Ligand code: NA7
């Protein structure tokens, strides 16, 4: 590694590219940069690769996208040699897969683990980024790529007394490697999003008593997860190109079939039969039963009503069943996919605490107080979600042209062009950033698409002798307006979801993700093919 010199007593190392994050996207970025002959380093806060799948080690953590699809497509050999064992892979298997890919592509030697990027500043005279890390020293680079993940900054609720609790407090997104021992103990799980719905049934199997603290009842569909047979694995491998192609054409970049008819275009009996079939099949495809579930409140209501019936059928205690009934739009907060969530309430050691009836007042050294009543506890599990889509970017002190801070730039909500570039922040690229289909599309697919685009862009800049690329403010404004216009064709913005920043107090309410993966991909392609309109390009010889 080249040591350029000393600044303030600390060494400065020079790279072509610094990538932040060694999850799915960061690792693939490294592969592509190596192919371009660029000198790159990946900085990763964890002590291993995996991103989301490194941090979310809680019991029950599992992907809600079928394992065959939640995998890289860039290496056909890995597609053929890796054998997924279940329809929906659990966290240890996904992590093992990512580790396998990192090893097969010899990626580890260019990754610095247990290191956090704390700051990055653009130096206008040299056209380079100066990156600071928790390990001290500086990294000087031409391009900065933020592959920090849309769901990687845990949202820790401000609950009075939380720091004083004498037992274990653990967030699902920071689950300790050694796990926590809940055998025979009293455990509270706070939160009923995907994480709470996955972790609670697993903890309930071991805990002495499990309290599930629910603020908003959630919709969840059964996963119908099961082991894959050898024949199925062989068949899926043989059909990989077709599966990928189908996924690419779907809004969510997942290959399930979306019904062609509207929910209200069919009669009651047909509608019910279609929902029953999707319920039996399991998974997110439930919400694709009809074409208009995300477009029409009434159509959406038919799907919601069906799930409510299923909840009442499943939960034996009618009072608990009633409290579990969601009264919001279905799917507009990410639809949960579970393994025995509603069935869990039939266990004697599980109690639902409805926070709308019994508000969470405070944590004491020994437990919680809800609705004036003490609940003694040994462990509290925070399944309270993430400062989604922008949280991980804003934890870094990023300063662009003129020293402008990204926090200030995004004060009223994030602004990007294509979810990839930001005006005022030259030579900086986001992977799965706000304004991309982050969180709404298969994240591996989106990551690969973004990385391919960025790699192509960097190669083009070099060929054309371009020193600086930067989104133009007008293109950025138009893109933000377009993202919102697309969102407004749907009913997504009507829900208080993390897509709109509603889960973090004080966060600006702006719909952040782009709703339609194929349209997004086509637009990115068109920009790349036409010489990057909307970006300001400065050639080497034009630089000051
Ligand atoms: P989510 O989906 O944001 O869910 C967080 C849950 O925590 C949700 O039920 C919240 O209730 C609840 N919550 C948050 N803060 C509090 C407080 N202070 N008190 C009580 N309850 C609270 O996060 P997940 O980790 O489950 O899932 C994130 C994504 O990961 C998921 O969408 C998939 O894409 C994978 P609320 O609904 O806000 O009332």
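Coordinate-derived values only; no laboratory data. Only a predicted model underlies this, so the values are computations on that prediction, with no experimental measurement involved. Glycine gets a Cβ as well: all are built from the backbone with ideal geometry, and neighbour counts include every protein chain shown.
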Using r as the Cβ-Cβ distance of residue 85 and residue 351, and R0 as 35 Å, what FRET efficiency do you calculate, to the nearest 0.05?
0.55
The extension gain from residue 16 to residue 281, computed as 0.36 nm times the residue separation minus the Cα-Cα distance, is 90.6 nm
Share of alpha-carbon pairs per 5 Å distance bin for the stretch 33-72, given as whole %:
5, 16, 17, 19, 18, 15, 7, 3, 0
If the chain between residue 239 and residue 496 were fully stretched, how many nm would it gain, using 0.36 nm times the residue separation less the Cα-Cα distance?
88.7 nm
Using Cα atoms only, what is the angle between the long axis of helix 473-488 and the major principal axis of the chain, expressed in degrees (0 to 90) to the nearest 10?
20 degrees
When a/c is below 1.5 the answer is rounded, else prolate if a/b is larger than b/c, else oblate, so apply that to the stretch 223-304 with a ≥ b ≥ c taken from the square roots of the Cα gyration tensor eigenvalues.
prolate
Which whole-number percent is the relative contact order of the stretch 254-293 (Cα, under 8 Å, 6+ apart)?
62 percent
How large, in Å, is the stretch 266-363 by the Kirkwood hydrodynamic radius built from its alpha-carbon pairs?
14.9 Å
Using only the alpha carbons of the stretch 366-443, what is the convex hull's orientation-averaged projected area in square nanometres?
8.4 nm²
Taking the stretch 147-219, the equivalent ellipsoid from its C-alpha gyration tensor has semi-axes in Å, biggest first, of 20, 16, 15
The chain: radius of gyration and largest Cα-Cα distance (Dmax), Å:
23.7, 75
Gyration tensor verdict on the stretch 82-231 (Cα atoms; rounded if a/c is under 1.5, prolate if a/b is larger than b/c, oblate otherwise):
oblate
Sort 375-381, 423-429, 105-111 for me by packing, meaning the mean count of neighbouring Cβ atoms within 10 Å per residue, highest on top.
423-429, 375-381, 105-111
Segment residue 112-residue 312, extension gain: residue separation times 0.36 nm, minus the distance between their alpha carbons
67.0 nm
How high is the relative contact order of the chain? Use alpha-carbon pairs under 8 Å, at least six apart in sequence, and give a whole percent.
19 percent
So for the chain: antiparallel DSSP bridges make up what percent, rounded to the nearest 5?
45 percent
Pairing the Cα long axis of helix 194-204 with the longest principal axis of the chain, what angle in degrees results, from 0 to 90 and rounded to the nearest 10?
50 degrees
Two-site label geometry, residue 528 and residue 75: point separation in nm, points 7 Å out along Cα→Cβ:
2.0 nm
Kirkwood hydrodynamic radius over Cα pairs of the stretch 396-544, then Stokes diffusion coefficient at 20 °C and 1.002 mPa s, in µm²/s
134 µm²/s
If we count other beta carbons within 10 Å of each Cβ, what is the order of 384, 126, 216, fewest first?
126, 216, 384
The chain: angle of helix 517-529 to the longest principal axis, Cα-based, in degrees nearest 10:
0 degrees
With a ≥ b ≥ c the root eigenvalues of the C-alpha gyration tensor of the stretch 280-328, is it rounded (a/c under 1.5), prolate (a/b larger than b/c) or oblate?
oblate
Restricting to Cα atoms and excluding each atom paired with itself, what does the Kirkwood estimate give for the stretch 468-527 in Å?
12.9 Å
